[in-house]
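Visitor: The structure follows.
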Amino acid sequence: LPLTGTFAALNETTVKAKVAGELVEVAVREGESVKRGQMLARIDQTEVQARVAARQADVEAARAQLIWAQKNRNTQKALLDKNFISQNAFDNVQSNQDVAIARLRAAEAELVVAKKSLGDSVLTAPMDGIVAQRHAQPGERVPLDARIITIVDLARLELGASVPAASIGRVKVGQAVAFRVDGFGAREFAGRVERINPSTTAGSRVITVYAV
């Protein structure tokens, strides 16, 4: 059954900015091979470092408030034990300590997020592959989730081919496929059918078959 189709990379990913800021470096260009974990680009860390410093200051302030609240609570507990204050007055002091503990935990959580953003300013390759496109250039100010680099993995390719509905019964998942590619002359490549679309393409009587 002769088929004609188009190849696409089975695995493709677009690396996006996880923090906003000025793109100070893009280390790769189209056509270059990259390895998983390799540094691709870097965003200016000035703003992120400022946020980390601010969150660190919040943690220190919250910790100081907690220390004061704990000392006050201990003092009031001693007075309560001697019946110098009411239980209701002590409960208010205890509540203030509980609030201080919660504020410290919230500040510490925000500091963790800020420090993660510091690491997110360096963009790395999530997989082995080849750079297909650079979407941004050094010097640009990129927003959060801006596309920076597209990587494709050509180790496995997927062929999308249209089969007439009348012939789809001759195609089965796992079936061998032999094909030639423009630019490679008479050289033959091998693959297998991996998926079959369950419906015909809108406006036609063909079904798309995917071979890997």
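The values are calculated or read from the model by the stated rules, or taken from the named source; none is laboratory data. What you see is a predicted model, and the numbers here were worked out from it, not measured in a lab. Every residue, glycine among them, receives a Cβ derived from its backbone with ideal geometry; neighbour counts consider all protein chains shown. Just so you know, the surface numbers come from the protein's heavy atoms only, side chains and all, with ligands and any DNA or RNA stripped out. Shrake-Rupley method; radii C 1.70, N 1.55, O 1.52, S 1.80 Å.
Visitor: At a threshold of 8 angstrom on Cα-Cα distance, excluding pairs fewer than six apart, so keeping six or more, what relative contact order does segment 1-143 reach in percent?
Guide: 49
Visitor: How big is the Rg/Rh ratio for segment 91-212, C-alpha atoms only, Rh by Kirkwood, two decimals?
Guide: Result: Rg/Rh = 1.31.
Visitor: Using a Förster distance of 30 angstrom, determine the FRET efficiency expected from the C-beta separation of V181 and V122, and round it to 0.05.
Guide: Efficiency, from the Cβ-Cβ distance: 0.20.
Visitor: Tell me, what is the FRET efficiency for D98 and A54 to the nearest 0.05, using R0 = 25 angstrom and their Cβ-Cβ distance as r?
Guide: Approximately 0.50, to the nearest 0.05.
Visitor: Near I148, within a Cβ-to-Cβ distance under 9 Å, what is the net charge of the other residues, with Lys and Arg +1 and Asp and Glu -1?
Guide: It works out to a net charge of +3.
Visitor: Can you tell me the orientation of helix 87-120 relative to the chain, as the angle in degrees between its alpha-carbon axis and the longest Cα principal axis, to the nearest 10?
Guide: Helix 87-120 and the main axis of the chain meet at about 30 degrees.
Visitor: Leaving out ligands, DNA and RNA, what percent of the accessible area of the chain is carbon and sulfur, probe 1.4 Å?
Guide: 51
Visitor: Grab the DSSP H runs of the chain that are 4 residues or longer, score each as -39,500 (n - 2.57), total them, divide by all residues and round the 222 nm result to the nearest 500 deg cm²/dmol.
Guide: Rounded to the nearest 500, it is -12000 deg cm²/dmol.
Visitor: Hey, another quick one. Helix 46-81 versus the longest principal axis of the chain: what angle, 0 to 90°, nearest 10, using Cα atoms?
Guide: With rounding to tens, the tilt is 40 degrees.
Visitor: Related question: Measuring from label point to label point, each 7 Å out along Cα→Cβ, what is the R63 to T46 span in nm?
Guide: 2.9
Visitor: Keeping all protein chains in place and using 1.4 angstrom, which order do L80, L154 fall into by accessible surface area, from largest down?
Guide: Per-residue accessible area, sorted high to low, gives L154, L80.
Visitor: Per residue and in cubic angstrom, what volume does the convex hull of the Cα atoms of segment 64-119 have?
Guide: Once divided by residue count, the hull of segment 64-119 is 53 Å³.
Visitor: Okay, moving on. Mind checking the per residue accessible area of the chain for me, 1.4 Å probe, whole number of Å²?
Guide: About 62 Å² of surface per residue is accessible.
Visitor: On to the next question. Taking the Cα centroid of segment 77-156 and of segment 173-198, what is the distance between the two, rounded to the nearest whole Å?
Guide: Spelled out, the Cα-based centre of one part sits 48 Å from the other.
Visitor: Please count, across the chain, the pairs of lysine residues with Cα atoms under 23 Å apart that sit 8 or more places apart or on different chains.
Guide: 8
Visitor: First measure r as the distance between the Cβ atoms of N72 and L144, then evaluate 1/(1 + (r/R0)^6) with R0 = 30 Å and state the FRET efficiency to the nearest 0.05.
Guide: After rounding, the FRET efficiency stands at 0.10.
Visitor: I want to verify a result. In a Gaussian network model of the chain, Cα cutoff 10 Å, which of these has the top mean-square fluctuation: V171, V142, V52?
Guide: V171
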